[in-house]
Amino acid sequence: MIEFRLNGQRIEVEVDPAERLLDLLRYRLDLTGTKEGCAEGECGACTVYMDGLPVDSCLVPAYQAEGREITTIEALDRDRLGPFLETGATQCGACTPGVVMTGTWVRDRPELLETHDLRELMAGNLCRCTGYDGIIEGVEAALSTPAVDSHDPAALPQPPAPLALAGVRGAGSVLRPGSVDDALAMLGQFPDAVPIAGGTDLMVHWPGHFEAHARTYVDLTRIESLREHRWTDEQLIIGALTTYWDLIQDERVRREFPLLEHAARQVGAVQIQTRGTWAGNIANASPAADGVPVLMAYDAVVDLQSSRGTETISLDDFYLGYKQMRLAADQLIVGIRVPRRAYDVAWFDKVGSRAAQAITKIGVAVTRQAASGEDRWRVVANSAAPTVCRCASVEHLLQANTPVDSPEALMEALGKDVTPIDDIRSTRAYRQSVLARLIYFGLRDRVEFVS
Amino acid sequence: MLGYRRTGNIGPMDIMRREGLDKLSGRERYVDDLPLGPFLWGGTVRSPIARGRITEIRFPTDFDRSEWVIVDASDIPGRNSIYLKAHDQPALAETDIRHIHEPVLLIAHPSRAAVRKAVSEIEVIFEPAPPWLDFINDPPAEMIQHGKDNVFKRIEISKGDVETALAGAPIVVEGEYQTGAQEHVYLETQGMIAHKEGGVMVVRGSMQCPFYVEKALRSLLGCTERELRIVQTPTGGGFGGKEEYPSVIAAHAALLAANADRPVKLIYERAEDMAVTTKRHPARIRHRTGVTEDGRLLAQDISVRTDGGAYVTLSPVVLSRACIHAAGPYACDHVRIVGESVLTNRVPYGAFRGFGNPQACFAFERQMDAIARRLGLDPIEVRRRNLIRDGQSTATKQVIQDGTDRVALLDRALSVADVAGKRAAHATFNAVSSSTRRGVGVAMYHHGAGFTGAGEVEMDSRVHVVGRKDGTVEVRAASTEMGQGTITVFTQLAAERLGLPPEVVLIAPPDTHGVPNSGPTVASRTAMIVGHLVELGCDDLRRRIGLTDDARGPIVRDAIVAWHDEHDEDVVVGEGRYVPPPGIDWNEDTYEGSAYGTFCWAAHVAEVEVDLRTFGVRVLDYVAVQEVGTVLNEVLARGQVQGGVVQGIGWALLEECVEREGAMINTQLTNYIIPTSGDVPPIRVEFLQTPYPYGAQGAKGLGELPLNGPAPALTSAVGAALGVEPTAIPLTPERLLELMATVAA
Ligand SMILES: Cc1cc2nc3c(=O)[nH]c(=O)nc-3n(C[C@H](O)[C@H](O)[C@H](O)COP(=O)(O)OP(=O)(O)OC[C@H]3O[C@@H](n4cnc5c(N)ncnc54)[C@H](O)[C@@H]3O)c2cc1C
Ligand code: FES
Ligand code: FES
């Protein structure tokens, strides 16, 4: 039995460990305004608010709603949707509730537009009908329409009594520790248990992943102490539950570690950024991860903990091979630490197949420490090898101020550093060529020995 | 809530989308949202191979049959086919398999999770045969699976004497163009619910054409119209993808429900939907064009080949539209167009917005650019010189005489987009920019409105406009709302015709037991053709209640109420029935005559920036100017164009169906890439309006038109930016890199 607030009202409901919030809302609470378009966090049709932030409910396990405030399209004030109607923000309507959820979230937070533009904020809601103009203009119109505050969500009809759990389900279970110690004890006791944070990786295509339904999960999201990120004189400490959105919102991050912000803003779209964690990005061990290259370019270290003790590993040493890393089954990432240093060169280029909601086809993060000395350069590529990896030969080349006069001049070094492949998203030839070009053109505008 | 706005244009009353607020507030219930008592979830077991024979179906050892409804081909009471144009496609494969994912067995159970698991565990055992996956070359004998040569349809259009004209032409330009498949990605996946109600099988779901489903299911179930009722539920996008395919899923739901004691709900998940449903036909089109030195067309010799996939579906009709448009909106005295749509062992291709014309348009517009380059002329000038003038004829010898000034249309687009200014700015920009290049491209095209040829006459569509006891009016038509605005436009048309406020006009849900057959919701025919039937139905209603044709306003309402005072019937029925416009004559055998009642015309301009680091193409500006007859509702019309353009941008630059053994394998929205809001600029839309006397209030078809323009306009712009000539789409960065490498080499 879990308890949470749904559209302003308290609700108690039995949930299955394999149930998604989306299914609970749609099939047991008859809140069918929230739609399913993909089950993989791409389309945004399932957008709801969790504690006031837009999230894809297809990626949220129902149990994670516990203690939280969930808001669905049904709770929005109908009388304030006129602007969307007038601009043609809806056609077939299948994407529309999700669009309206994100759109009204922006409407109510105009300050977001100081850092973001509307097309970026709305990019997590795919629409196949409108071409987006009607939507963008609808949000703009809503932003300039004064609020008439007649709406009282508490006056909404009581949600119907939830339908009982039905059907055959996975035999899995979930443990929900309230402290790191409890979590470590659980992981020690159940060697097969899987930690879950934002779920944006684990929950993708969840309904069809039968084996995953049978597992035991240790849900970290109740451990409040892991949520915040902190600054000391020497470092930025990112918590295990710190999300992309948390750092995007921190003005200091934007100033001191701009690549963290650049990468975070290019992860999926807002609905993924509000849920996805930096630690999850590391532990997911995808060669395409966008958080990892920028952290690596800033020489981040990872703090691991288990009931056996603690350990710190430089991110650069963390990966061993494809999806393999120095993380034992009973260990948790409890923090990521980034040293505070000055950089005089720093950029991150991500090449995806579209502007948002794109897995990286090829990417590179490059930094040079401002302090003179040996070993100033970091060149880190993603989607170029079985793991995110430093390009040591290129770094040497740069450290030695070797003149570089074309992308081709980097090819030999890159040939030693990376091993891109052909796959469903791109080709080896493309990745190789574009990686060299990103580095070359990036350097050309920034350092003198590249022309 | 209905808002009123007047545009001051020729267009009359503009109201806001009637069901809009329900959609915006999440109240609209789609098929998977409908409340339902106890029901079963359906699932489909499919063929794992592209071609061969099924030898056995093996259930998991722990499979308890008593819990399940199981249906195979032997349970089909009528004819085992999805009947539309031909009987070749089985509803469930018996032994022979013609494509991967061909449905073999249906199952249903109360638990959706159990269904998913069983579908993945039930094994189809087979003897494989080599599949034929080449639509360009002629198949060897052992690959013949349809007729004597695998050709679903062959078309030849002939005007003048092409060979002689080509032989005499000072310059002949040849080109070969290829376009890829495209997935619709309607945001609501396909879904149906079927249940028995008394002796009637009721099937409700997401669809464009209730009477197509009815036709297929009558034959499949061997029942009468009365024993079968098809109801459209609010439909979350179609784009042609819910034209013929819903008959398949409806057939499956009905077969399961016929064997179950409660409703059966069959909802495709995204990956299944993308893998098994139809796509846009891949095409290879060749042009041989004879031209004068100043760029006038002397002869066009064109061959069109499309991949039909494993069954006929709508391939012949798609091919027909492709061929009729293949010569472009240009005048030429000598034209030959030969088209073939052929079988391959791929998941069948089918209807998709544009219906063959986007492929044709990409080819003829690229060819115009190739001609211009060869002659050293401005591509815009070459188009201007050849655009059809009133009094000239198309490839099918249809004389165009519609009062549209196509040269002015082109000029309007050039001036709205400021093409001259952009070109000058690009010359400067490209000279100094280190890693980006800009270019601008133009596309001119036409799109026949409504069914091709004799289609409308054969359809014999009808609409009822009925007066009810309380004086309200109800429009009864089978035309469906799937986002394009049917409900709103029909409301406007009836309200305007009768002089009544839109609130008193009701639109009946498309239900084969409740509405007459006004034809399928396809071919951009709904507003233009069916809308006009709504108007005729209003006129007929007026006569039946004893009013003259000019009666409008409250007296209509009063007369309806008065009629009911004297009659016992529930409603007074006015009927609108299709009458072909004068002068329409089409010869299906020779492909000569009026292929369409009328054409829409368009000029699109695209401005792009190519990133030389990544070969990514960014669309900086897009202008779409079109002549569509009267614009009935500005917001809706603009939305159709913007949506169609963005779908076209996707097809041109991003959307690639990666295939293995004849089926798409990138069946997820993470790797089948449609545009997000961040990938497109505002789409600037302008309409020119020359009312069409036989369309509702002067309207022509609009829905499909915009999809044709982006592929040629964008590739032309990329060509201008880089000095390359793309001949294939999607023009992904990977493909552009290869193209640049070949040019450099
Ligand atoms: C639509 C979509 C778009 C995406 N786009 C991008 C993108 O552009 N770039 C990108 O890099 N990623 C992307 N992702 C992937 C993913 O969201 C991120 O990598 C995210 O950071 C994962 O974090 P999470 O907390 O949601 O992970 P979860 O799904 O909760 O967990 C991921 C993995 O990490 C493990 N784990 C989580 N926390 C810990 C911990 N503290 N200690 C040990 N193990 C732990 C889990 O066991 C699991 O194996 C996308 C995902 C989706 C669905
Ligand atoms: S269903 Fe598409 S994002 Fe959740
Ligand atoms: S309105 Fe149809 S997908 Fe957006």
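Each peptide in B:229-239, A:398-408 gets a packing score, the mean of other Cβ atoms within 10 Å over its residues, and the list from highest to lowest is B:229-239, A:398-408.
Extension gain, residue A:214 to residue A:249: 0.36 nm times the residue separation minus the Cα-Cα distance gives 8.9 nm.
Sequentially through region B:236-251, phi angles give Karplus couplings (6.51, -1.76, 1.60; θ = phi - 60°) of x, x, x, 6, x, x, 10, 7, 9, 5, x, 4, 5, 6, 5, 4 Hz, Gly and Pro residues having no value and appearing as x. Mean residue ellipticity, 222 nm, helices only, the protein assembly as shown: the sum of -39500 (n - 2.57) across DSSP H runs of n ≥ 4, divided by residue count and rounded to 500, is -8000 deg cm²/dmol.
Once Rh for chain B is found with the Kirkwood sum over Cα pairs, what is the Stokes-Einstein diffusion coefficient at 20 °C and 1.002 mPa s, in µm²/s? Estimated diffusion coefficient is 80 µm²/s.
Computed from the C-alpha gyration tensor, the three semi-axes of the ellipsoid equivalent to chain A are 39, 27, 20 Å, from longest to shortest.
Across peptide B:104-115, the mean count of Cβ atoms from other chains lying within 10 Å of each residue's own Cβ comes to 3. Here residue A:324 and residue A:78 are evaluated by their C-beta separation; at R0 = 41 Å the FRET efficiency comes out at 0.20. For the residues of A:349-356, the average number of beta carbons from a partner chain within 10 Å of their own beta carbon is 6. For the pair region B:262-314 / region B:387-412, the C-alpha centres are spaced 26 Å from each other. Neighbour counting of Cβ atoms within 10 Å sorts the residues B:225, A:42, fewest neighbours leading, into B:225, A:42. The trypsin sites (Lys or Arg not before Pro) found in region B:451-511 that occupy coil by DSSP, while having at most 16 further C-beta atoms within 10 Å, are B:469. Rounded to the nearest whole Hz, the Karplus-based 3J(HN,Hα) values (6.51 cos²θ - 1.76 cosθ + 1.60, θ = phi - 60°) of region B:160-176 follow the sequence x, 10, 5, 4, 4, 5, 5, 4, x, 6, x, 9, 10, 10, 10, x, 10, with x at glycine and proline. Summary value for region B:374-452: 19 percent relative contact order, contacts being C-alpha pairs under 8 angstrom separated by 6+ residues. Per-residue mean of foreign Cβ neighbours for B:682-688 is 2 (Cβ atoms of other chains, 10 Å radius). The Cα center of region A:171-248 and the Cα center of region B:685-745 differ in position by 47 Å. Look at the Cα gyration tensor of region A:366-451: its axes a ≥ b ≥ c give a/c of at least 1.5 with a/b over b/c, and that counts as prolate. Loop-located chymotrypsin sites (Phe, Trp or Tyr not before Pro) across region A:300-402 with a Cβ neighbour count of 15 or fewer within 10 Å are A:322, with loop assigned by DSSP. For region B:423-472 versus region B:576-622, the inter-centroid distance based on Cα atoms is 6 Å. For the peptides B:375-382, B:579-586, residues were scored by their other Cβ atoms within 10 Å and the scores averaged per peptide; the highest-first order is B:375-382, B:579-586. Scan chain A and note any complete DSSP helix (H) whose C-alpha atoms cover at least 20 Å along its axis and whose Kyte-Doolittle average is 0.0 or more. In chain A, the long hydrophobic H runs are A:428-444.
Once the chain from residue B:133 to residue B:148 is taken as fully extended at 0.36 nm per residue, the excess over their C-alpha distance is 3.7 nm. Using the empirical formula 2.2 N^0.38 Å as the baseline, the Cα radius of gyration of the protein assembly as shown reaches a ratio of 0.94.
All of the numbers you see were taken from the coordinates with simple rules; none came from a lab. None of these values were measured; they are calculated from a predicted model. Here the Cβ is made from the backbone with ideal geometry for all residues, glycine too, and neighbour counts use every protein chain on show.
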